[in-house]
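Enquirer: Quick one: this structure, given as structure tokens, is what I'll be asking you about.
The values are calculated or read from the model by the stated rules, or taken from the named source; none is laboratory data. What you see is a predicted model, and the numbers here were worked out from it, not measured in a lab. Here the Cβ is made from the backbone with ideal geometry for all residues, glycine too, and neighbour counts use every protein chain on show. We work out accessible area using only protein heavy atoms, side chains counted, and drop any ligands, DNA or RNA first. Shrake-Rupley method; radii C 1.70, N 1.55, O 1.52, S 1.80 Å.
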Amino acid sequence: MPQKSTQQKNKMNTNIRHSIQQLIAYLDQFEEYAIAVSGGIDSMLLAYIANRFSIAKVHTVHAFSPAVPEAAFERVKQHAKRYKWTLTLVDAHEFDDPNYLSNPANRCYYCKSNLYARIATVGANVTFSGTNTDDLNDVRPGLVAAEEQHVLHPYVQVGINKAQIYAMAKHFGLDQLHVLPAQPCLASRVETGIKINPDDLLFINQVEEFARALLPDIKNVRCRITRQGTYLELDTLPNSAQLAPLSHRIGEMCAESRRLYSGVRTYQKGSAFINGIKHA
């Protein structure tokens, strides 16, 4: 049994190295490009590999916004400093777009349209995203915006999925990344049709940071703003001794900001959506 385990591990390492080599070969077809880095593992790993191995001129671009969790913003800056990336911070101006603010089912389309248009002004002729092959199996309006603005997806081009991305991050010893849960933008917590408001997004971030600090072992934490009130969603519900103080404090936070608190419930991807467009 140990021998079989070692063989499996060696095969996995070989496959990961092969995927990395394919990715670098794809990147090296270009002389210069920009990478849209959100602060999540997909785009962060792409930026790490590109800046470390690619022969091209790499522009690492991060859009700061009320919809971007503060932790993601700080993660991008820390990695850029540590690994000496050329980092450009931009305002995508999606909050100037009434289509985005109205939060329709395809809100992400307007967000990405503004983002990619802004990145195009940085000076690179090509923009890359961190989209992976698993993303193609979901309804993602942002991919329509990417196609319209000729954004390329290196992971998709060489057939890399989410599990491989985590394995690659672990391979490079990127400890902060390979244990990082999915962290979509804060606007994804707002039920479709409820207008996007920067104050709501700040509140969402505060609630989630508090919950993560109190329950560090919980992977998925979402503060949902819905027509039925504000919910905290956790992928694993804690015992009553942990749940009581958590729920009490979030109830206080809701009351302080004049919000209806509707309680804690089990995390479910897509629990703040209508018309078939899922929010992570």
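Enquirer: Going by alpha carbons, how many degrees (0 to 90, nearest 10) lie between the helix axis of 198-214 and the longest principal axis of the chain?
Expert: Taking Cα atoms only, the helix is inclined about 80 degrees.
Enquirer: Once each part is reduced to its C-alpha centroid, what is the distance from region 137-195 to region 25-68 in angstrom?
Expert: Centre-to-centre distance over Cα atoms comes out at 13 Å.
Enquirer: Run a plain Debye calculation on the chain (Cα atoms as equal point scatterers, no solvent) and give log10 I(q)/I(0) at q = 0.16 Å⁻¹, rounded to two decimals, same order as the q list.
Expert: Result of the Debye calculation: -1.29.
Enquirer: About the Cα centre, and with charges only on the beta carbon of Lys, Arg (+1) and Asp, Glu (-1), how big is the dipole of region 141-280? Nearest 20 debye, please.
Expert: That gives a dipole near 300 debye.
Enquirer: Stretched out fully, how many nm does the piece from Asn99 to Asp235 gain, at 0.36 nm a residue minus the Cα gap? Before the final figure, lay out each step's value.
Expert: Numbers: separation 136, 0.36 × 136 = 48.96 nm, distance 3.16 nm.
Length gained, Asn99 through Asp235: 45.8 nm.
Enquirer: Follow-up question, since we're still on this one. I'd like to check one number: the per residue accessible area of the chain, probe 1.4 Å, reported in Å² as a whole number.
Expert: Working: 13970 Å² over 280 residues.
Solvent-accessible surface per residue comes out at 50 Å².
Enquirer: What is the extension gain from Glu32 to Glu70, computed as 0.36 nm multiplied by their sequence separation minus the C-alpha to C-alpha distance, in nm to one decimal?
Expert: Difference between extended and current length: 10.8 nm.
Enquirer: Would you kindly state how much longer the chain becomes between Gln157 and Arg82 on full extension, computed as 0.36 nm times their sequence separation minus their alpha carbon distance, in nm to one decimal?
Expert: Between Gln157 and Arg82, full extension yields an extra 24.2 nm.
Enquirer: What is the packing order of peptides 108-121, 155-168, taking the mean over residues of other C-beta atoms within 10 Å and listing the highest first?
Expert: So the peptides 108-121, 155-168, ranked by packing, come out 108-121, 155-168.
Enquirer: Another question about this same structure. As an exercise, take the mean of 1/r over every pair of distinct alpha carbons in region 9-131, invert it, and state the Kirkwood radius in angstroms. Kindly include the intermediate steps, with their values, before the conclusion.
Expert: Details: mean 1/r = 0.0648 Å⁻¹.
For region 9-131, inverting the mean 1/r across all distinct Cα pairs yields 15.4 Å.
Enquirer: Moving on. Carbon and sulfur atoms: what percent of the 1.4 Å accessible area of region 123-280 do they account for?
Expert: For region 123-280, the apolar C and S fraction of the accessible surface comes to 50 percent.
Enquirer: So, one more: Below 8 Å between Cα atoms, with a sequence gap of 6+, how large is the relative contact order for the chain in percent?
Expert: 17
Enquirer: Using a 1.4 angstrom probe and counting only protein chains, how large is the accessible area of Thr86 in Å², to 10?
Expert: 80
Enquirer: GNM on the chain, C-alpha springs below 10 Å: top fluctuator among Pro198, Pro216, Pro184?
Expert: Answer for the Gaussian network model of the chain: Pro216.
Enquirer: Would you check the accessible area of Arg17, probe 1.4 Å, heavy atoms only, in square angstrom rounded to 10?
Expert: Around 110 Å² of this residue is reachable by solvent.
Enquirer: For the chain, what is the calculated [θ] at 222 nm in deg cm²/dmol (nearest 500), taking -39500 (n - 2.57) for each run of four or more DSSP H residues and dividing by its residue count?
Expert: The helix contribution divided over the chain gives -14500 deg cm²/dmol.
Enquirer: Using a Förster distance of 35 angstrom, determine the FRET efficiency expected from the C-beta separation of Lys269 and Asn15, and round it to 0.05.
Expert: Once the sixth-power term is evaluated, E becomes 0.80.
Enquirer: Separate question: Would you mind telling me the antiparallel percentage of the DSSP bridges in the chain, rounded to 5?
Expert: The answer is about 25 percent antiparallel.
Enquirer: Sticking with this one: Taking just the alpha-carbon atoms of region 178-267, what radius of gyration and Dmax come out, in angstrom?
Expert: Final numbers for Rg and Dmax: 12.5, 38 Å.
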